[in-house]
Amino acid sequence: MKTTPRVLIVEDEPSIAELLTLNLKHNGFAPVWAGDGMAAQRELEVTLPDVILLDWMLPGQSGISLARKWRADPRTKDIPVILLTAKSDETDKIAGLDAGADDYITKPFSIKEMLARLRAVLRRRSPEISTQILTIGELHLDGATHRVTFQDSLLKLGPTEFKLLQHLMSYPERVHSRGQLLDKVWGDHVYIEERTVDVHIKRLREALGAGGAHVETVRGTGYRITAQTAAVVAK
């Protein structure tokens, strides 16, 4: 049975929260509203949502600090977070992504844009099931069990990082542009900027640890995964 996606709205302006709530209900979501970080934390302790719409400017803890906190918590680290922000500068957007947000929506925004972004992050959270087993050096990905190991150690990857790694490992040594990765990994990338890819590549490398050396930056072009570094051993 198909479940209704649960959306936690963390927004201190009642008019915006009500608008989001009404439109989400109308489009098949189950929204829950929290007016600040403390209320949001109480909601998270009761039931985990499928996605969080998080306002940047909140009383008390800011959306940025909350995103960092929830990303660092093993219980909430994999919940997609979309920042709602009036900040439109690229540096602010990158700061939001670096803090752990999966995407951002700049105010004022259209309901269609908001729904498109929600559906996109939910698709990434539930990637298509594949039984393919992929290997690059000592890096292994099992699509059936959704597990990634490096040197026989199990690694923890978020849903977007897993899908990104799966796509790169499906085409070893091939260079992929940011636009190509957006198209194949994110799917509907109408509202997502190419800089988002760089942030998730950074997260992927961090999650892979020493195995992150397999993910190479091809300057001026994009990224690829290579087995060549497997030949390099510590002396």
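Scanning region 154-170 for residues that are without any contact (Cβ under 8 Å) to a residue 40 or more places away in the chain and surrounded by fewer than 13 Cβ atoms within 10 Å (Cβ to Cβ) returns a single hit, 154.
Can we say residue 31 is modelled with pLDDT of 90 or more and either assigned to a helix (DSSP H, G or I) or farther than 23 Å from residue 108 by Cα (or both)? It would help to see each step written out before you state the result.
Working: modelled with pLDDT of 90 or more: yes; either assigned to a helix (DSSP H, G or I) or farther than 23 Å from residue 108 by Cα (or both): no.
Here the answer is no, as residue 31 does not meet what is asked.
Taking residues in region 174-189 that are closer than 24 Å to residue 228 by Cα, and partners anywhere that are outside any helix (DSSP H, G or I) and modelled with pLDDT under 85, the pairs with Cβ atoms closer than 6 Å and at least 6 places apart or on different chains are 178/194.
In this structure, residue 65 qualifies as loosely packed, with under 15 Cβ neighbours inside 10 Å and over 26 Å from residue 26 (Cα atoms).
Taking only region 85-127 into account, find how many residues are under 15 Å from the mean Cα position of the chain (by Cα) and not aromatic (Phe, Trp, Tyr). Steps first, answer last, please.
Quick first cut of region 85-127, residues under 15 Å from the mean Cα position of the chain (by Cα) only: 93-105, 116-127.
Now drop any that are not not aromatic (Phe, Trp, Tyr), which leaves 93-103, 105, 116-127.
Residues flagged as under 15 Å from the mean Cα position of the chain (by Cα) and not aromatic (Phe, Trp, Tyr) within region 85-127 amount to 24.
Considering only residues in region 124-144 that are at pLDDT below 80 and buried (at least 16 other Cβ atoms within 10 Å of the Cβ), the one that is farthest from residue 172 (Cα to Cα) turns out to be 125.
The values are calculated or read from the model by the stated rules, or taken from the named source; none is laboratory data. Remember, it's a predicted structure, so these values are computed and weren't measured experimentally. Note that we place each Cβ from the backbone using ideal geometry, even for glycine, and neighbour counts take in every protein chain shown.
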